[in-house]
Amino acid sequence: MLPATGRLGVLTIGLGAVASTLIAGVELVKRGIAAPTGSLAMMDTIRLGKRTDDRSPLIRDFVPLAALEDIVFGAWDPFPDDAYVAAQRAGVLEAGKHLEVISEALRDIRPMKAAFDREYVKRIDADNTIGTINKRDMLNAIREDINRFKDEKKVDRLVMIWCASTEVFIEIGAAHLTLDAFEAAIDANDPTIAPSMLYAYAALLEGVPFANGAPNLCVDVPALRDFATHNGVAISGKDFKTGQTLIKTVLGPMLRARMLGLRGWYSTNILGNRDGEVLDDPDNFKTKEESKLGVLENILQPSQFPELYGDVYHKVRINYYPPRGDNKEGWDNIDLFGWLGYDMQLKVDFLCRDSILAAPLALDLVLFSDLAQRAGMGGIQEWLSFYYKSPQVAPGLHPEHDLFVQLTKLKNTLRWMMGEDQITHLGREYYQSG
Ligand SMILES: NC(=O)c1ccc[n+]([C@@H]2O[C@H](COP(=O)([O-])OP(=O)(O)OC[C@H]3O[C@@H](n4cnc5c(N)ncnc54)[C@H](O)[C@@H]3O)[C@@H](O)[C@H]2O)c1
């Protein structure tokens, strides 16, 4: 494991609500003005050895993570607003309390010109772009930006994280299967090569770990997956697991664990931020819908339990409703049944804050992606499934969605990295006499 010495450059693709809340949060935490609530990397402990050993260090003392003081942010966005203006516009943080004190640091982060193509995000019309949709030129421009940032900011390592708008839905096609096909498609300006894929490819070519916070394919195509493994670059995705899906991956496993049946699960949201506006376009929503729908089926495994889960009506809706801004409200109505088939209902009304939930996940993904890279772990980081709605896994594997299985996997991976014993929860040794 290489040490976390020197500066870590964090490049966010997109400087909207999530990215500006992440950046502002790190600046506030660095100055001791606020706590990194929600960040496992910053706050949680990890148990080592037996329960009787009483060894539970903080994760950040156990594994060599980059210090927040060593992080330097950069970003791309088609809107020219600096991070201060972006944070103000996103309306997530209170200006008087949380933006003015760090305004200088935020104003310093001005977005680089985005590799942007309106065909992928129709609801955004802005011109801080590299001004071409020639894919080869876009790729080269991103690579130049990465290297210029590295030189100018004198950073030793980099991580990239997609915090940009959800792109329109596309399926994996011929252009995405092999690196040769992918390269040829770039030269042919193939419409199935999305800007997000060009950012991801640029990262991989530069040896920069990449995390994808949105549901679009991005780094999750065979050509880029294989290239990441081959080049030894850490990748993970897709789609931050924040509001309703977080709840689904806690309540779903509960139903399954208790062998309670399910007739239907209706999830609906109202939100009024720019993300909500982009997702109001049916083509962009379809990308999100796919990411949200797969979860229950994977958890409940209807083919194994057809009498319990063989006929589930699962619906997910996102409604753009400007008055709420980033303060999303998510309702879940769950129709379940128990002993002898008797019906019950469970209702959840989560009045959450989208970016307040997402920012700590983005921070952890940055810190852990950098850690994985220094530990020599290239390719898909399945142990980071904890953070994602649609975890990226090796071909042929079904993803693990249960939040607490994901947490166990994450912590066991950290133990494994540091040469500590795995915790199996067997615990026979506590009951052996003599
Ligand atoms: N709880 C959450 O907030 C949450 C949860 C899961 C996933 N996400 C995803 O994270 C992403 C960011 O969410 P947000 O609320 O910050 O959205 P946002 O609309 O506030 O910010 C996204 C930014 O990306 C920029 N952008 C679009 N295309 C770009 C490109 N090609 N290159 C660079 N920048 C580009 C937009 O101009 C915008 O400023 C979205 O895709 C969203 O679906 C958010």
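The values are calculated or read from the model by the stated rules, or taken from the named source; none is laboratory data. On a predicted model such as this, the values are computed, not experimentally measured, just so you know. So basically every Cβ, Gly included, is an ideal-geometry build from the backbone, and we count neighbours across all protein chains shown.
Quick check, is A114 in the same structural domain as G16 (by TED's automatic domain parsing) and buried (at least 20 other Cβ atoms within 10 Å of the Cβ)?
yes
Within segment 354-399, work out how many residues are at pLDDT below 95 and of a type in the set (D, E).
Residues in segment 354-399 being at pLDDT below 95 and of a type in the set (D, E): 1 in total.
Of all residues in segment 49-108, which are crowded, with 22+ Cβ neighbours inside 10 Å, small (G, A, S) and assigned to a loop (DSSP other than H, G, I, E, B)?
Listed by number, the list holds a single entry, A66.
Scan segment 377-398 for residues that are assigned to a helix (DSSP H, G or I) and either outside the structural domain of S39 (by TED's automatic domain parsing) or of a type in the set (F, W, Y) (or both) and jot them down.
W383, F386, Y387
Between a first residue in segment 321-341 that is assigned by TED's automatic domain parsing to the domain that holds A257 and farther than 9 Å from I270 by Cβ and a second residue that is exposed (fewer than 15 other Cβ atoms within 10 Å of the Cβ) and polar (S, T, N, Q), which pairs have beta carbons less than 8 Å apart while being 6 or more apart in sequence or on different chains?
Qualifying pairs under 8 Å: N333/Q345; I334/Q345; D335/Q345; L336/Q345.
For segment 345-387, name all the residues that are under 16 Å from L22 (Cβ atoms) and touching an Asp or Glu at 6+ places or on another chain (Cβ under 7 Å).
Scanning segment 345-387 gives R353, D354, S355, Y387.
Just to be sure, is G25 under 25 Å from P323 (Cα atoms) and out of contact with any strand residue (DSSP E or B) (no Cβ under 8 Å at 6 or more places or on another chain)?
Criteria met by G25.
Among the candidates F386, F337, F368, which residue alone is aromatic (F, W, Y) and touching a Gly at 6+ places or on another chain (Cβ under 6 Å)?
Checking each option against the conditions leaves just F337.
For segment 93-116, what are the residues that are closer than 16 Å to G14 by Cα and within 15 Å of the ligand (Cβ to nearest atom)?
Scanning segment 93-116 gives L106, I109, R110, P111, M112, K113, A114, A115, F116.
Does G330 satisfy the condition of being outside any helix (DSSP H, G or I) and surrounded by fewer than 16 Cβ atoms within 10 Å (Cβ to Cβ)?
No.
Say we look at segment 214-234 and pick out the residues that are aliphatic (A, V, I, L, M) and over 20 Å from I186 (Cα atoms); which of these is surrounded by the most Cβ atoms within 10 Å (Cβ to Cβ)?
A214
Between A223, A202, A228, which is within 16 Å of the ligand (Cβ to nearest atom), farther than 30 Å from D326 by Cα, in contact (Cβ under 8 Å) with a residue 12 or more places away in the chain and under 21 Å from the mean Cα position of the chain (by Cα)?
So the residue among A223, A202, A228 that is within 16 Å of the ligand (Cβ to nearest atom), farther than 30 Å from D326 by Cα, in contact (Cβ under 8 Å) with a residue 12 or more places away in the chain and under 21 Å from the mean Cα position of the chain (by Cα) is A202.
I'd like to check something: does segment 36-46 contain any residue that is within 12 Å of the ligand (Cβ to nearest atom) and in contact (Cβ under 8 Å) with a residue 40 or more places away in the chain?
Scanning segment 36-46 turns up at least one residue that is within 12 Å of the ligand (Cβ to nearest atom) and in contact (Cβ under 8 Å) with a residue 40 or more places away in the chain.
Exactly one condition in (1) in contact (Cβ under 8 Å) with a residue 60 or more places away in the chain; (2) assigned by TED's automatic domain parsing to the domain that holds V312 is false for D364; which is it?
D364 satisfies all of (1) in contact (Cβ under 8 Å) with a residue 60 or more places away in the chain; (2) assigned by TED's automatic domain parsing to the domain that holds V312 except (2).
Determine which single condition S165 fails, assuming it passes every other condition in (1) in a helix (DSSP H, G or I); (2) within 17 Å of the chain's Cα centre (by Cα); (3) within 13 Å of the ligand (Cβ to nearest atom).
(1)
Enumerate the pairs (first residue in segment 347-360 and near the ligand (Cβ under 8 Å from one of its atoms); second residue anywhere and part of a helix (DSSP H, G or I)) with beta-carbon separation below 6 Å, excluding pairs fewer than 6 apart on the same chain, so at least 6 apart or on different chains.
So the pair list comes out as S355/A17; S355/V18; S355/T21; A358/V18.
What do you reckon, is Y313 assigned by TED's automatic domain parsing to the domain that holds D226 and touching a residue at least 40 places away in the same chain (Cβ under 8 Å)?
The answer is no for Y313.
Considering only residues that are within 12 Å of the ligand (Cβ to nearest atom), charged (D, E, K, R) and touching a residue at least 40 places away in the same chain (Cβ under 8 Å), which ones fall in segment 117-143?
The answer is D117, E119, K122, R123, D127.
For P222, all conditions in the list (1) farther than 25 Å from V10 by Cβ; (2) outside the structural domain of A372 (by TED's automatic domain parsing) hold save one; what is the number of the exception?
(2)
Go through segment 345-369 residue by residue and tally those that are surrounded by 12 or more Cβ atoms within 10 Å (Cβ to Cβ) and touching a strand residue (DSSP E or B) at 6+ places or on another chain (Cβ under 7 Å).
Residues flagged as surrounded by 12 or more Cβ atoms within 10 Å (Cβ to Cβ) and touching a strand residue (DSSP E or B) at 6+ places or on another chain (Cβ under 7 Å) within segment 345-369 amount to 11.
Among the residues of segment 144-154, which ones are over 30 Å from V168 (Cα atoms) and either within 13 Å of the ligand (Cβ to nearest atom) or surrounded by 13 or more Cβ atoms within 10 Å (Cβ to Cβ) (or both)?
Those that are over 30 Å from V168 (Cα atoms) and either within 13 Å of the ligand (Cβ to nearest atom) or surrounded by 13 or more Cβ atoms within 10 Å (Cβ to Cβ) (or both): K150, K153.
Read through the list (1) outside any helix (DSSP H, G or I); (2) over 23 Å from L68 (Cβ atoms), then give the number of the only condition that R136 fails.
With (1) outside any helix (DSSP H, G or I); (2) over 23 Å from L68 (Cβ atoms) applied to R136, the lone miss is (1).
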